Amino acid sequence: MSWAKTNDGLEIFYEVKGNGSPIVFQSGYMGIHDIWDYQVEAMKGSYRCITHDNRGYGLSSKPIDSSFYTTEKNADDLKAVLDFAEVTEPFLLVSHSLGSMAALAFAGKYPQLVKGIILMGGPVFNSEGAAQLGGHEEMFAAYQTIPSDAANFYKQLGCDEEIALEAAKWQPTVFKNQTRTMLHYNPDSSVLNLQLPITVVHGTNDVVSEKEAVHTIVDTFSNAKWVELDGLNHFPQTESPETVNKLIHDFYMEINSN
């Protein structure tokens with residue numbers, strides 16, 4: 001068990017499994033590392049897989065004050081994890097949902113560390129995209145005021161029951177605080193000028209994000225490509241792990257052959 005220390009005094013739980021070239025996973029609004037279990041188990045024989053619990057979730061620190069929650073702080077947490085895990089070589093960054101904002105913010109700040117990015121599970125790009133989805137601070141928290149509601153909320157998005165039950169353990173404030181990170185993030189020029197290969201993965205049955213809002217990322221980055229997964233909801237990595245594992249492996253081979 002390992003924890004990274006952040007600049008603002010928090011602890012971020014992380015795991016490193018396997019050996020070889022690193023693949024780094026960034027969770028989103030479902031902020032625990034467990035959502036990548038299928039990928040880590042399949043890939044740890046060939047890659048060094050790094051996962052962590054976002055601030056507010058799982059085994060990481062859980063501040064109540066909303067000032068502790070921004071997209072930039074989520075990105076800085078990832079850097080802290082990588083520093084503690086002594087990851088110094090460039091890697092593939094795989095993100096999910098709200099975590100895609102943190103992934104882009106990280107890549108904008110540390111482009112030398114990122115070979116390519118997979119943005120999975122209906123990510124929005126900025127506060128404007130969040131507004132298009134009717135964004136407000138209670139947009140998700142309102143459905144998770146009691147433990148059973150929190151678990152059912154994630155099951156309806158395609159999460160495994162075992163993982164969805166984790167949400168029932170969390171303080172309701174984290175749902176509101178992490179929603180704020182999405183509502184108030186606007187990428188700066190370091191992000192908008194990224195030239196990294198990007199793959200945007202979207203399930204056709206995603207009940208969270210509309211295709212038009214997600215496709216903004218492809219329209220923004222010249223090196224971005226669109227992958228649509230038929231019949232999948234918001235959690236492709238748990239709904240169809242074999243499909244996602246192959247997609248990650250193929251993208252890894254592609255960016256390493258160029």
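Helix-only arithmetic for the chain: the sum of -39500 (n - 2.57) across DSSP H runs with n ≥ 4, divided by the residue total, places the mean residue ellipticity at 222 nm at -10500 deg cm²/dmol. Summing Lys and Arg as +1 and Asp and Glu as -1 over all other residues whose Cβ lies under 14 Å from the Cβ of Asp8 gives a net charge of 0.
Which of the peptides 77-88, 211-222 is most tightly packed, and how do the rest follow, going by the mean number of other Cβ atoms within 10 Å of each residue?
Numbers: 77-88: 18.2, 211-222: 16.5.
The packing order, highest mean first, is 77-88, 211-222.
Identify the trypsin sites (Lys or Arg not before Pro) of the stretch 93-185 meeting these criteria: DSSP loop state and at most 12 other C-beta atoms within 10 Å of the C-beta. Could you put the intermediate results ahead of the total?
Numbers: sites: Lys109, Lys115, Lys155, Lys169, Lys176, Arg180; in loops: Lys169.
Listed in order of number, the matching sites are Lys169.
Is the stretch 194-258 best put as rounded, prolate or oblate by its Cα gyration tensor, with a ≥ b ≥ c the root eigenvalues, rounded for a/c under 1.5, and otherwise prolate when a/b is larger than b/c, oblate when not?
Working: a/c = 3.12, a/b = 1.18, b/c = 2.66.
It is oblate, given that a/c is not under 1.5 and a/b is not larger than b/c.
Here's the picture: charge each Lys and Arg Cβ at +1 and each Asp and Glu Cβ at -1 in the chain, and of Gly121, Asn54, Ala167 the one pushed furthest to the positive end of that dipole is Asn54. What shape does the stretch 65-133 take by its C-alpha gyration tensor, where a ≥ b ≥ c are the square roots of the eigenvalues and a/c under 1.5 counts as rounded, a/b above b/c as prolate, and the rest as oblate? Here the stretch 65-133 falls in the oblate category.
A value for semi-axes √(5λ) of the Cα gyration tensor in Å was derived from the coordinates, and within the list [x] 33, 19, 18; [y] 40, 19, 16; [z] 24, 21, 19 it appears as [z].
Classify the stretch 111-258 from the C-alpha gyration tensor, please: rounded if a/c falls under 1.5, else prolate or oblate depending on whether a/b exceeds b/c.
Values: a/c = 2.02, a/b = 1.38, b/c = 1.47.
Verdict is oblate for the stretch 111-258.
By DSSP, the beta bridges lying fully in the chain are antiparallel in about 25 percent of cases.
Placing unit charges on the Cβ atoms only, positive for Lys and Arg and negative for Asp and Glu, gives the stretch 1-52 a dipole magnitude near 220 debye about its Cα centre.
Where a number appears in this text, it was derived from the coordinates with a stated rule and is not lab data. As the structure is a prediction and not an experimental result, all values here were calculated from the model. Please note: Cβ atoms are built from the backbone with ideal geometry, for glycine as well, and neighbour counts cover all protein chains shown.
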